[in-house]
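Inspection log for the structure reproduced underneath, given as structure tokens.
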Amino acid sequence: MKFHHVCIWAFDYEKAIDFYVHKLGLTIHRETFSEKHQAKKVELYADDAYVIELFVSKDVFDCPQQKSVGIEHISFLVENVEEKLKFLKERGVS
């Protein structure tokens, strides 16, 4: 069994994209609109792997399937922890 992706809910598109794309370095693979969730859906990739299914809605608390934003945590497997910590700190991530 392998990790496939994690689903995250946000209410501010610009802040979410700034964090996941500009700070963490993920790439946007596809953006669509989910009729089921009534939210923008953004598929975020790390290299060639799908890692985050990001739903964004200013009315996130009105979405029938969702009652809060965010998740508890995200885990990433990296080859060099110190190098990745330096990379993140350089981008303002504590």
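The values are calculated or read from the model by the stated rules, or taken from the named source; none is laboratory data. Values in this document were obtained by computation on a predicted structure and should not be read as measured data. All accessible areas refer to the heavy atoms of the entire protein, side chains included, with ligands and DNA or RNA removed. Shrake-Rupley method; radii C 1.70, N 1.55, O 1.52, S 1.80 Å.
The table that follows gives values for the structure above.
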{"quantity": "When residues of region 1-20 are limited to those that are aliphatic (A, V, I, L, M) and closer than 12 Å to V51 by Cα, the one least open to solvent (accessible area, probe 1.4 Å)", "calculated": "I8"}
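Rundown of residues vs (1) under 17 Å from the mean Cα position of the chain (by Cα); (2) modelled with pLDDT of 90 or more, yes/no style:
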| site | (1), (2) |
| --- | --- |
| E31 | yes, yes |
| D48 | yes, yes |
| V51 | yes, yes |
| L54 | yes, yes |
| K58 | yes, no |
| Q66 | yes, no |
| V81 | no, no |
